[in-house]
Amino acid sequence: MRVLWISNILFPEAEELLTGSGELKASGGWMTGAADALVRDDDIQLCVACVSDKVKSLTRISGRRMLYYVLPKGKGNIKVNNDYCPYWLQIKSEFKPDITHIHGTEFSHGLAYLKACGNDNVVISIQGLTSVCSKYYCYGMTRADVYRNLTFKDILKGTVFHGQKLFAKRGKYELEMLGMAKHIIGRTSWDHAHAWAVNPGAEYHFCNETLRQEFYGGDTWSYSRCDKHSIFIGKATYPLKGLHQVLKAMPLILRHYPDTKIRIAGFDIVRTTTLIDKLRLSGYGRYLRRLIKMNRLEDIITFTGPLNGEQMKNEYLRANVFVCPSSIENSPNSLGEAQILGTPCVAGYVGGTMDMMLGNEDNLYRFEEVEMLAEKICSIFANQDRQPDMRATAALRHDPETNRNTLLEIYREIRRTDSSTR
């Protein structure tokens, strides 16, 4: 079977062959894990196509076990860009896919494929849903919070409200894409409900996601080896990820555990050490700085910088608790990674996160209830011997072989279904 994946990320192997170096230190690592599982089958020929500013023309790259096509970014994929249409027609003509799998609806290059090549033997996977996420983008912040913390960068690039509007604009193209789909892959009750609401005639297929290879095997979390009273957060670059709510909860936590520390994956978005830092500071970063100063948190917060899979694993293992404080999520892979290692987890009762916390419902809280968040974290600090072990549940959910077989069966079913309706 010839399978074409349309991705939002440039795979590390393709980047290395293009530039001489490639390492994934951002979202999307689960895709490389799923691809590796898929190509173990000699009957599968996998081609991965994406958009990148690293090429100026359509570029074909032969990897060790996969073929890659890299489309020039050009005018970009935030708005509808019909310049991609001839590239998709060329790729379809050359590779001749039996199945085309569009991973994610957040960018418009997948929509360009549907417009150029049609929707037969095409399936769309839901990752996040920007059309829904836009509603919760600034949750926990008031308009006064935004305008009181304007920075030079905000004046040039726009405030968090601009980011929210951008999500909403992308959401319009996302809805068009989902409306054109015959087949949709999801994995939570949340994405199923939204897929049904947008396109009740599409066939919904359930398939869980495979994590990065680093999270299968090796060390698992142990209370005896963790940094006591430490919190790890996987991402905090914009308001939707909810770091501001954790900062609001910290005075309550520190009242009971004054030695609590927070480690946050990614760049330090509150740093103002140099002039460049000050020019780069966003309004959201300034808002976080105000919360840090107001709550006297300067000495307890560390931004780790971008992390690869192995480094992320080490952070989960050293943390006393992993917190997923987002205002909305579908099925955050960071939560799955923490669970499969056995790290105690606290998460907001939002989106599809509830499905991932079945068996650990006591550690769910309402996003806006920072008092509940603080109490859940303190409860984990106090009751390590009574935390549910989610390793077996997460291992079953993220089992590479099971998910690979499920995905292949979905592909076969789509081919049967679409062939019979022609």
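Here are the numbers for this structure:
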quantity	calculated
Enumeration of residues in region 192-237 that are open to solvent by 30 Å² or more (accessible area, probe 1.4 Å), modelled with pLDDT of 95 or more and not in a loop (DSSP other than H, G, I, E, B)	His192, Ala193, His194, Trp196, Ala197, Val198, Glu203, Tyr204, Phe206
Residue under evaluation Leu150, criteria (1) over 27 Å from His398 (Cα atoms); (2) open to solvent by 40 Å² or more (accessible area, probe 1.4 Å); (3) not in a loop (DSSP other than H, G, I, E, B), criterion not met	(3)
Flag for Asp389 being more than 30 Å from Tyr136 (Cα to Cα) and assigned to a loop (DSSP other than H, G, I, E, B)	yes
Residues located in region 296-328, provided they are among the acidic types (Asp, Glu) and open to solvent by 30 Å² or more (accessible area, probe 1.4 Å)	Glu298, Asp299, Glu310
Number of positions in region 75-95 that are touching a strand residue (DSSP E or B) at 6+ places or on another chain (Cβ under 6 Å) and either of a type in the set (S, T, N, Q) or open to solvent by 30 Å² or more (accessible area, probe 1.4 Å) (or both)	2
Residue among Thr353, Thr402, Thr417 that is crowded, with 18+ Cβ neighbours inside 10 Å and of a type outside the set (Gly, Ala, Ser)	Thr353
Scope region 109-130; condition under 30 Å from Tyr287 (Cβ atoms) and out of contact with any His (no Cβ under 8 Å at 6 or more places or on another chain); matching residues	Gly128, Thr130
Any strands (runs of 3 or more DSSP E) falling wholly within region 60-132 and containing at least 1 residues that are without any contact (Cβ under 8 Å) to a residue 40 or more places away in the chain, farther than 26 Å from Thr188 by Cα and among the aromatic types (Phe, Trp, Tyr)	67-72
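The values are calculated or read from the model by the stated rules, or taken from the named source; none is laboratory data. Computed from a predicted structure; not experimentally measured. Heads up, the Cβs are rebuilt from the backbone with ideal geometry, glycines too, and the neighbour counts pull from every protein chain shown. The area values use the complete protein model at the heavy-atom level, side chains included, leaving out ligands, DNA and RNA. Shrake-Rupley method; radii C 1.70, N 1.55, O 1.52, S 1.80 Å.
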